[in-house]
1. Which is the longest stretch in the chain that no exposed loop site breaks, taking sites as chymotrypsin sites (Phe, Trp or Tyr not before Pro) with a DSSP loop state and at most 10 other Cβ atoms within 10 Å?
2. Based solely on its DSSP helices, what 222 nm [θ] is calculated for the chain when runs of n ≥ 4 H residues each add -39,500 (n - 2.57) and the sum is averaged over all residues, nearest 500 deg cm²/dmol?
3. Could you compute the FRET efficiency for K171 and K102, with r as their C-beta to C-beta distance and R0 at 22 Å, rounded to 0.05?
4. Each label point is 7 Å from the Cα along the Cα-to-Cβ direction; what then is the distance between the points at D136 and T9, in nm?
5. Mind checking the dipole of the stretch 3-162: about its Cα centre, +1 per Lys or Arg Cβ, -1 per Asp or Glu Cβ, Debye to the nearest 20?
6. Considering Cα pairs under 8 angstrom that are at least six residues apart, work out the relative contact order of the chain and quote it in whole percent.
7. Working from the alpha-carbon coordinates of the stretch 26-124, get Rg over Rh, Rh being the Kirkwood radius.
8. Ignoring solvent entirely, what values of log10 I(q)/I(0) come out of the Debye formula for the chain at 0.10, 0.14, 0.18, 0.20 Å⁻¹ when each Cα is a single scatterer?
Amino acid sequence: MEALECIKTRRSVRKYSDQPVTREILDQIFEAVTYAPSWKNTQSVRYTVVESQELKEKIAEEAVLGFALNQKSISRCPVLLIQSTINSISGHSPDGGTDTSKGDTWTMYDAGVSAQTLCLAANDYGLGTVIMGVFDEKVLAELIQLPENQTVTGMIAIGYPAGPNKMPPRKPAAELVTYL
């Protein structure tokens, strides 16, 4: 798939078919994610793969603050990815100080670039994804036994779409850009 076609056809998918996502395909997607740029090439973004339906149900029940749309997406997806970042790396210099006025928040930029790279790679393999941001970070970290030096930054449901997904309206590019 050509890059622009991949960008233009990627959709947030919340309903999935019963077709399983193989580890081979997931490994190929994660290989593509290794090429996502990051702060000073720190590569601090990590993913925890949740395939267990029992654990997905527990996450949906206990870790999404009762947000029904996320509960449904998690329960329906064949695979749930929990994205995390290693603390105090992105945006920091080797001595531990921050190199930017953004401080610790720069890590979310790296997480976003990584998530978008993952979603585009998944689309290239015919998979659908949805990035979810409504969750209880502490509960989720406990449920997946996340190492203490990491922070949950997002969740991504992934699977083969149950059907076509209509593109929502897009703003014209002229509304998004200011030329000086």
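Coordinate-derived values only; no laboratory data. Because the structure is a prediction, the values reported are computed rather than measured. As a convention, Cβ positions derive from the backbone with ideal geometry for all residues, glycine included, and neighbour counts pool all protein chains shown.
1. Result for the longest clean stretch: 36-178.
2. -11000 deg cm²/dmol
3. Taking R0 as 22 Å, the efficiency between K171 and K102 is 0.30.
4. 4.0
5. Numbers: 14 positive and 19 negative charges, 118 e Å.
The calculation lands at about 560 debye.
6. 34
7. Across the stretch 26-124, the Cα-based Rg/Rh ratio is 1.04.
8. So the normalised log intensities work out to -0.42, -0.82, -1.24, -1.40.
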